[in-house]
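Below is one structure, written out as structure tokens; the observations come after it.
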Amino acid sequence: MIPAGLGPAELLVSLAMALGLVGCALPVVPGPPLMFLALLLYDVRLWLEGGLDGGLLALLGFALLAAVAGSSADWWLSAWLARRAGADRRSLALALVAGLVALLLLPVTGGLSLLAALVLPVLVVVLLEFRRDGDRRRSLRAGCGYLTGWALATAVEAAAGVGLLAIWLLQLDRLGF
């Protein structure tokens, strides 16, 4: 059910918010950046109409922080935990490239792209770490660190998406919707 009084712009932003929340779980859709972009465009429209006040501007600043933290968590959290587990920087760089290639080259349909974007980087870390010194335990620990970082990054991205949705709802409330 659509709340009464929402105009086309508010409905489009709400749709972008819903799609962004789905994107927090799927690597194919950049959830937090999409959500932030929708908020930004809406606020630029408000600013041009003279309706953007300091409170809404502060909310937009918080939205930017949430979007940056949520969308970059995959990179820094996976790498950080894998490094703590003993992974080399080169292995992590190649794992990142493998994940990006898997996302870009494999079909988006079904879970194949998601699976490849998750499994391929972990395999790259494990194989390169094993090749580096032949220590099976350490290489598996590095792969598990990468996988744990990915899982935590997904949670961070979801939290950022919920935060961005909350900011949108606060904006609607401040605007009287």
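Values in this text are rule-based calculations from the coordinates and carry no lab data. Computed from a prediction, not measured in an experiment: that's the story for all the values here. A quick note on method: Cβ atoms are made from the backbone with ideal geometry, for glycine too, and the neighbour counts reach across all protein chains shown.
At q = 0.11 Å⁻¹, what is the log10 ratio I(q)/I(0) for region 72-177, with the Debye formula run over Cα points and no solvent?
-0.42
How big is the charge dipole of the chain about its Cα centre, in debye rounded to the nearest 20, if each Lys and Arg gets +1 on its Cβ and each Asp and Glu gets -1 on its Cβ? Spell out each step's value before the answer.
Numbers: 12 positive and 11 negative charges, 204 e Å.
Dipole of the chain, to the nearest 20 debye: 980 debye.
Once fully extended, how much extra length lies between residue 105 and residue 45, figured as 0.36 nm per residue of separation less the alpha-carbon to alpha-carbon distance? Don't jump to the answer; show the numbers that get you there.
On the way: separation 60, 0.36 × 60 = 21.60 nm, distance 3.66 nm.
Extending this stretch completely gives an extra 17.9 nm.
Three principal axis extents, largest first, for the C-alpha atoms of the chain, in Å?
64, 33, 24
From Cα pairs below 8 angstrom and at least 6 apart in sequence, can you work out the relative contact order of the chain, rounded to a whole percent? Can you show the working numbers first?
On the way: 225 pairs, mean separation 54.0, N = 177.
Over the chain, the number comes to 31 percent.
What residue among 31, 161, 61 shows peak mean-square fluctuation when the chain is described by a Gaussian network model with Cα springs under 10 Å?
Among 31, 161, 61, the largest mean-square fluctuation in the Gaussian network model of the chain belongs to 61.
With Kirkwood's inverse mean 1/r over C-alpha pairs for Rh, give me the Rg to Rh ratio of region 121-177, two decimals please.
Numbers: Rg = 19.8 Å, Rh = 13.8 Å.
We get a ratio of 1.44 for region 121-177.
Quick one: Karplus J couplings for region 71-84, per residue in order, coefficients 6.51, -1.76, 1.60, θ = phi - 60°, nearest Hz, x for Gly and Pro?
Result, rounded to whole Hz: 7, 9, 4, 4, 6, 7, 6, 4, 5, 4, 5, 5, 4, 4.
As an exercise, use a Förster radius of 30 Å and the Cβ-Cβ distance of residue 19 and residue 84 to find the FRET efficiency, rounded to the nearest 0.05. Could you put the intermediate results ahead of the total?
Values: r = 34 Å, r/R0 = 1.13.
Using R0 = 30 Å, I get an efficiency of 0.30.
State the dimensionless ratio Rg/Rh of region 1-90 (Rg: radius of gyration of Cα atoms; Rh: Kirkwood radius). Kindly include the intermediate steps, with their values, before the conclusion.
Numbers: Rg = 17.0 Å, Rh = 15.0 Å.
Across region 1-90, the Cα-based Rg/Rh ratio is 1.13.
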